[in-house]
Structure formats: structure tokens, C-alpha cells
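K.L.:
The structure under discussion is supplied below as C-alpha cells; questions concerning it will follow.
Read the figures in this text as sums done on the coordinates, not as results from a lab. This is a predicted model, so every value here is computed, not measured. Neighbour counts are summed over all protein chains in view; Cβ atoms, including those assigned to glycine, are modelled from backbone coordinates with ideal geometry.
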Amino acid sequence: MAMLKKKIVGVHFDQEVSKNLYEVSPLLHELGESPLWNNSLQTLFWVDILADRLYSKNSISNEISFWDMPHTVTAIATDKTFKNILWLISESALVRFNVLTGEYVTMLKFKLDKGYRTNDGHVGPDGKFWFGTMKRQPDLGRGQVYTIDKSGELNLIIDGISIPNTFCWLNNSKLVISDSLTQRSMIWEDFNKLNHRRDFINLSNTLGTPDGGAVDETGNIWIAFWGLGKIACVSPEGEQLQEIHLPVSQPSSCCFGGINNDVLFITTAREGLTSIEIEKYPHSGKVFYVKLSARGIPLKDFSLELVC
């Protein structure tokens, strides 16, 4: 168990970056990822994977804070019972983290092969924490998808995915997982069976790749198109309905939040950009938000039976 110190960046008032698009934070992240809205705290959490940091911004005080993590964190979930507890998927373990006290407790260790790390993940309708693993130097078909159930059992669910991302459930049944290396999203009609999948989004003939996403009340998915500088709203049938164009080229993920769950928070990255590209997209690495007419489905909480 470790005790991590919370560091205050300061109080920041939202700035409009472009029409109806505002910055959550002026900070520039190498790989901003895994945005998560904690409704009980009215706080947005996110990570910079390459900096090993967990960030937060409280929507009431506007205070921005961060914690330096002892391990790389790639996915976050809220706790079913305790509002100050977050569940973190780190590169080596499932971690229970108290944002009030800084208590960092390893609950389940992963035995990943050398050269691997965890990646994106969300809690599914089944209450299990679904997450992916990948090679640090991505390799075709060398990633996996695992679940952790409330008893702490770790199960391999899908093999042969290079860079697992997205982890969204449309209408609580259709599972969407992207392989960001092959530039495709796949959909399983029934996540309980996983015996049939088909291409859902195919960006292989473009400069983009599908990354993290979020689901709205009508069952549409809002998904970050890394490399194409936009968030796309896609129906369960795969039809693109709407786009949010961003002043950056590499949006990485998004989530719904806010009091009415109608605000879309968007993380972005500077990773891999040249100096010329950064000059062209100086806002790269910031976290943004835009208010929508759509409302999101609140993400599921996670819990372990062995936690009192």
C-alpha cells in the first residue's frame, strides 16, 4: 500500500477554443486518455498514460489536480459504494485508489509477458471490468482482452487483437471493441456469447483509426477518430450521423458527464507529432468539452466482494 500526494495545478476558468468547444484544462498531455466522469463528486478524471499521472478537475471549484502514479494507469472506473474510490487498471495490477486520502492499494496483480502493458477498458453491463493488453511496441494480433469479475477472477476473453480500444456496449448488448492498429472497430451482437463478430467501422483506407468512445441514450456511439481530428457519432448499424471537428489531429477518447450527462469530454494527445504538426495543432494534448443535445448513458461502477 502506498499513499500518493495530491498536487494542485490551480484554478482554471474554461476557455473557448472554437465555437462551442471549450478546454477543460490548459495542460498539454503526451497521451491523454481514459476520461471518466464521477457524478457523486462532480469531477472529471483522466490520465496521461506516458507521464504516469492521474488528473482531475472539479466542475464546482474548477480546481485541477493530479497524482503521480507508481505505475502506468490506462483505464479507470468508479466504485459501486464509495464515491471517493476509483478502480485503476495499471500496467501490472488492478488498484483501489482513494482520491481523498491518496491510498493506493494493489488488489490483483497481472502476470503480463515482458514487453506488454494494459490499455483501454470499461465496466460492462455484466459488472465486470473489461480491459485490453498490448505490446508496448504494437504488433499485429498480439493483444488480448480480459475481464475481472467481482470475486477478483481474471479471465482471458478475446485473443489476437493488436491494440484493444473503445469497449462500448450498444443497447447493453452489442459489444464494440476497436483494433487501433488495423484501423477497425468490430461489433459482437451478444457480448455474452462472442461467437460472431463483424466489422463495424473501417478506417483502413484513411489516415485515421478508431479509439475510445462513449454511448448515448439512443444507443449511438461517439468515438474518437485518432489521426482525423474528430469525434464521430455512429449508429448501432454503423451509419455515421454526426461529427465534432477538433483543433487537434489526435483525439484519443471521450465520455459523457456534467449535471445532465449531456457534456462530452474529449482527451487528446501530442504523442508522435512532429514539430511542424505541433505548430499546426498547438492545442494537441489538451482536454476539451462540448455540450450536446444527446445525453450519455452513465458508465457502470465496479466492486470487489472482498472489499468491505
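K.L.:
Leaving out same-chain residues fewer than 8 places away, which aspartates and glutamates sit with a Cα under 15 Å from that of Lys5?
P.N.:
By straight Cα distance, Lys5 reaches Asp52, Asp68, Glu103.
K.L.:
Roughly how big is segment 2-206's charge dipole about its Cα centre, with Cβ charges of +1 (Lys, Arg) and -1 (Asp, Glu), in debye to the nearest 20?
P.N.:
Magnitude of the dipole: close to 340 debye.
K.L.:
Which of the pairs Lys150/Lys291; Lys135/Lys300; Lys114/Lys174; Lys150/Lys230; Lys7/Lys109 have their Cα atoms more than 31 Å apart in this structure?
P.N.:
From Lys150/Lys291; Lys135/Lys300; Lys114/Lys174; Lys150/Lys230; Lys7/Lys109, over 31 Å: Lys150/Lys291; Lys114/Lys174; Lys150/Lys230.
K.L.:
Name the residue, out of Ile158, Ile85, Ile223, whose mean-square fluctuation peaks in a Gaussian network model built on the chain with Cα pairs under 10 Å.
P.N.:
Looking only at Ile158, Ile85, Ile223, the biggest GNM fluctuation is shown by Ile158.
K.L.:
Looking at the chain as a GNM with Cα springs under 10 Å, which of Ile278, Ile231, Ile201 has the largest mean-square fluctuation?
P.N.:
In this elastic network of the chain, the residue with the biggest mean-square fluctuation among Ile278, Ile231, Ile201 is Ile278.
K.L.:
Regarding segment 218-269, what whole-number volume in Å³ per residue does the convex hull of its Cα atoms give?
P.N.:
Normalising the Cα hull of segment 218-269 by residue number yields 74 Å³.
K.L.:
Quick check: from the Cα gyration tensor, does segment 29-71 come out rounded (a/c under 1.5), prolate or oblate?
P.N.:
Verdict is prolate for segment 29-71.
K.L.:
Which net charge results for the neighbourhood of Ser162, defined as the other residues with beta-carbon distances under 12 angstrom from its beta-carbon, given Lys and Arg at +1 and Asp and Glu at -1?
P.N.:
0
K.L.:
Mind checking the log10 I(q)/I(0) for segment 95-190 at q = 0.23 Å⁻¹? Debye, one equal scatterer per Cα, no solvent, two decimals.
P.N.:
Calculated log10 I(q)/I(0) at the listed q: -1.21.
K.L.:
Checking the cross-link filter: which aspartates and glutamates have an alpha carbon closer than 15 Å to that of Lys80, excluding same-chain neighbours under 8 positions apart?
P.N.:
Result set, ordered by chain and number: Asp126, Asp149, Asp301, Glu305.
K.L.:
Whole Å is fine, so just give me how far the alpha carbon centre of segment 98-114 lies from that of segment 161-176.
P.N.:
Centre-to-centre (Cα) distance: 24 Å.
K.L.:
If you build the convex hull over the alpha carbons only and average its shadow over all orientations, what do you get for the chain? Give it in nm² to one decimal.
P.N.:
14.7
K.L.:
Give me D for segment 170-213 in µm² s⁻¹, whole number, from Stokes-Einstein with Rh from the Kirkwood sum over alpha-carbon pairs, 4 °C and 1.567 mPa s.
P.N.:
For these conditions, the coefficient is 120 µm²/s.
K.L.:
Oh, and also: If you average over every viewing direction, what projected area does the convex hull of the Cα atoms of segment 187-289 give, in nm²?
P.N.:
For segment 187-289, averaging the hull's shadow over all directions gives 7.7 nm².
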